[in-house]
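Visitor: Before I ask anything, let me first share the structure, which is written out below as structure tokens.
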Amino acid sequence: MSLKRYWWKGLCIILVIYTIIAGFLVPSPALPILHESIRNLYFHVPMWFGMTILLFISMIYSIKYLSNSSLRSDIYAVSAARIALLMGVLGILTGMQWARTTWGAWWVNDPKLMGAAVGMLIYLAYFVLRNSIDDIDRRAKVSAVFNIMAYAIFIPTIFIVPRLTDSLHPGNGGNPGFSTYDLDGAMRWVFYPAVLAWTLLGTWIMTLDARIRVMELKLAAGSNILSSSPQPKTVINSTVS
């Protein structure tokens, strides 16, 4: 394994370990209401950053599929969306814990939270749509188009609309973000590496998931070739690319 090619995986391991250890040990500002729950900033927010980046990667692979019709691009688009959804769920769970501490409830009727829920449902619909189509070529094309539209809806839903209305969430509805009033120098040394750490980790898991599914497709195509049934041209060409 070439170090020049996989250096980012080593960096990912180092940053994740650093984030977990420093996230619990580095001194945090003594703030009212938030108290020690502010350490959630190292987990909740970076996971949402990673989710957004992975969804962008998924959209790029969907665009690539529409341009080259390679099932490899479709597989990577699905894997990126799958891991992004996982990080989104983790982001919601850590956000709920933070909301319970600061707002007194696990979930409140807040534009940011509702937008996050809507965004998750949109991408759940993406997977439901894929599973409802049996033809592999048609499934890839329809889901690619849906994926592109989903991202175009998702970004305004969670980043633009909440800023236009009243919101309890920091950085939305007129509320200042953490960088404005309580993200001190010590926390920045953990927060920014945490964003990179969780993003790299999500990307690593995405590549592993995609590679496994590519190998499964190759094995399936190989076993089908040995049978007497006719083979879809797209499957055979994509698996050997």
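Visitor: If Leu217 satisfies every condition in (1) surrounded by fewer than 16 Cβ atoms within 10 Å (Cβ to Cβ); (2) modelled with pLDDT of 65 or more but one, which is the exception?
Guide: Looking at each condition in turn, Leu217 falls short on (1).
Visitor: Anything in region 114-138 that is over 21 Å from Ala99 (Cα atoms) and without any contact (Cβ under 8 Å) to a residue 40 or more places away in the chain? List them, or say none. Outline the logic, then answer.
Guide: First, the residues of region 114-138 that are over 21 Å from Ala99 (Cα atoms): 122-138.
If the condition is that a residue be over 21 Å from Ala99 (Cα atoms) and without any contact (Cβ under 8 Å) to a residue 40 or more places away in the chain, then Ile122, Leu124, Ala125, Val128, Leu129, Asn131, Ser132, Ile133, Asp134, Asp135, Arg138 are the ones that fit.
Visitor: Now a separate question. Of the residues Pro32, Pro27, only one is surrounded by fewer than 17 Cβ atoms within 10 Å (Cβ to Cβ), at pLDDT below 90 and either closer than 13 Å to Phe191 by Cβ or in contact with a helix residue (DSSP H, G or I) (Cβ under 7 Å, 6 or more places away or on another chain) (or both); which?
Guide: Pro27
Visitor: Considering only residues of region 54-91 that are of a type in the set (A, V, I, L, M, F, W, C) and surrounded by fewer than 19 Cβ atoms within 10 Å (Cβ to Cβ), which is farthest from Ile205 (Cα to Cα)?
Guide: Leu66
Visitor: Return only the number of the condition from (1) modelled with pLDDT under 75; (2) loosely packed, with under 15 Cβ neighbours inside 10 Å; (3) assigned to a helix (DSSP H, G or I) that Pro156 does not satisfy.
Guide: Answer for Pro156: the failing condition is (1).
Visitor: Moving on to the next point. Taking the residues in region 159-190 that are open to solvent by less than 20 Å² (accessible area, probe 1.4 Å) and part of a helix (DSSP H, G or I) as candidates, determine which candidate is modelled with the lowest pLDDT.
Guide: Per the criteria, the residue is Pro162.
Visitor: Which helices (runs of 4 or more DSSP H) does region 36-146 wholly contain that include 2 or more residues that are in contact with a Ser or Thr (Cβ under 8 Å, 6 or more places away or on another chain) and at pLDDT below 85?
Guide: Details: elements: 44-68, 71-102, 111-131.
Result: 71-102, 111-131.
Visitor: Against the definition (within 23 Å of the chain's Cα centre (by Cα), closer than 23 Å to Glu36 by Cα and modelled with pLDDT of 90 or more), how does Ala150 come out, yes or no?
Guide: No, not satisfied.
The values are calculated or read from the model by the stated rules, or taken from the named source; none is laboratory data. Owing to the predicted nature of the structure, the values given are computational and were not obtained by experimental measurement. Please note: Cβ atoms are built from the backbone with ideal geometry, for glycine as well, and neighbour counts cover all protein chains shown. With ligands, DNA and RNA removed, areas are computed over all heavy atoms of the protein, side chains included. Shrake-Rupley method; radii C 1.70, N 1.55, O 1.52, S 1.80 Å.
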